[in-house]
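The values are calculated or read from the model by the stated rules, or taken from the named source; none is laboratory data. Computed from a predicted model, the values in this text were never measured in an experiment. A quick note on method: Cβ atoms are made from the backbone with ideal geometry, for glycine too, and the neighbour counts reach across all protein chains shown.
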C-alpha cells in the first residue's frame, strides 16, 4: 500500500512593524497567503502592473517574477502579488484595517445598456437581504465556470438599494464579453465574489486637504466614477481634478456627465485629453500624465489615483515621481486583459 506524500512545510511570513505573521505554502504568493489568513495588505491589480503591493524584504529568500515594466524595483523591494517564498521571510510593509470581508453571491442582471460602441454598463442586483460592503476603487470577480473568472471595478458608490454597477469593455472573442455577455439578458444570474483591492483614497477634504489628481484612460473611469460619487455625499469633499484620456471623444463615454459634475461641484475640475484629436478639437491633446505634469509643476502636496492601461499607469508613476510626487502618494489600478 503506497503512502500519501507529505506536503512540504509552509513558510512563516512575519510583518514589520506589527509583528504579525502567517503561513505561506510553497508556490503560493505572499499576497494570496496573507489574504487567506485575513490580513489585508496593499494591493490592487494582482498582476504586478500597478505596483501597489510593494514591500521591503528584510530577511529571507524569495522567487519574485517582476513584471516587464519600465519601473524596476530596488533589489530589496518585492511585489507581493508576484512573490513566492523560498524560506521564512521578514517583510516591512503597510497593513490595512477596516476592509470589507470578501463574499460570494448570485446576482441578477437588472439592466444592460451601451455607454459606447465598445463599453457595456451592467446593473446587478443582490439577493433580498444580502449586502456587499465595499469602497470606491475596489473590484469584484465574475465567475464563469471551469475555474475562469474576470475582474471588473465597481463603477458606482455603495447604494442604499444594494445594486452594483460595472463598466465592461467589449472585446471580440473574449470568454466573457465575446461568449457570455452577448447572450446575457435581464434577469439572468451571475456568480460574483468580492470586494478585492483597496479602497482608493480618502475623499473627505477635512481629513485630507491635499488635492487629488485623477488620471484615467478607457474604462479606468469606472473606479473614478465610484470615487467621485463617494465624494459627493461628503460634507467637505477634497479638491479633485480628473484627466480622462482617449483616442477620440467617443472613448470618453461619460463626457457629458463629467461636464455636468464640473458645473454642479466647485471642488471638481474635468480635463478631457485626446491623443488622436480632430482638427476641430479645442481641448487638450496628448496623454493624461503629460497634461498633469504640465499643470502641476509642484506635486509635493498632491495625491494621484491612476486607473486604466498598464502602459499609462507605469508611465504616469515614473513621470510624476520624477516631478517630485512622493511614492506613497501614488495610487493605481492597472487594467489588464485576460488571455484565456
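Quick look at the numbers
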| quantity | calculated |
| --- | --- |
| Tally of residues being assigned to a helix (DSSP H, G or I), in contact with a strand residue (DSSP E or B) (Cβ under 9 Å, 6 or more places away or on another chain) and either free of Cβ contacts under 8 Å to residues at least 24 places away in the same chain or closer than 16 Å to residue 219 by Cβ (or both) across region 158-178 | 2 |
| Unmet criterion (only one of (1) free of Cβ contacts under 8 Å to residues at least 40 places away in the same chain; (2) more than 16 Å from residue 138 (Cα to Cα); (3) assigned to a helix (DSSP H, G or I)) for residue 231 | (2) |
| Subset of region 204-216 (residues that are crowded, with 18+ Cβ neighbours inside 10 Å, in contact with a strand residue (DSSP E or B) (Cβ under 6 Å, 6 or more places away or on another chain) and part of a loop (DSSP other than H, G, I, E, B)) | 205 |
| Residue 34 vs. criteria more than 29 Å from residue 319 (Cα to Cα), at pLDDT 75 or above and part of a helix (DSSP H, G or I) | yes |
| Meets criteria (in contact (Cβ under 8 Å) with a residue 40 or more places away in the chain and more than 20 Å from residue 191 (Cβ to Cβ)) for residue 132 | no |
| For residue 76: the one exception among (1) farther than 26 Å from residue 309 by Cβ; (2) touching a strand residue (DSSP E or B) at 6+ places or on another chain (Cβ under 6 Å); (3) at pLDDT 90 or above | (3) |
| Odd one out for residue 317, checked against (1) buried (at least 18 other Cβ atoms within 10 Å of the Cβ); (2) at pLDDT 95 or above | (2) |
| All positions within region 234-251 that are under 14 Å from residue 265 (Cα atoms) and either assigned to a strand (DSSP E or B) or in contact (Cβ under 8 Å) with a residue 60 or more places away in the chain (or both) | 237, 240, 241, 242 |
| Test: residue in region 201-223 that is closer than 14 Å to residue 135 by Cβ, touching a residue at least 40 places away in the same chain (Cβ under 8 Å) and not assigned by TED's automatic domain parsing to the domain that holds residue 290 | yes |
| Any hit, region 165-176, residues being exposed (fewer than 14 other Cβ atoms within 10 Å of the Cβ), over 21 Å from the mean Cα position of the chain (by Cα) and outside the structural domain of residue 115 (by TED's automatic domain parsing) | no |
| Among residues of region 108-147, those that are surrounded by 13 or more Cβ atoms within 10 Å (Cβ to Cβ) and assigned to a strand (DSSP E or B), counted | 19 |
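Quick grid of which residues meet (1) under 17 Å from residue 219 (Cβ atoms); (2) assigned to a loop (DSSP other than H, G, I, E, B):
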{"position": "279", "(1), (2)": "no, yes"}
{"position": "291", "(1), (2)": "no, no"}
{"position": "294", "(1), (2)": "no, no"}
{"position": "305", "(1), (2)": "yes, no"}
{"position": "314", "(1), (2)": "no, no"}
{"position": "328", "(1), (2)": "no, no"}
{"position": "332", "(1), (2)": "yes, no"}
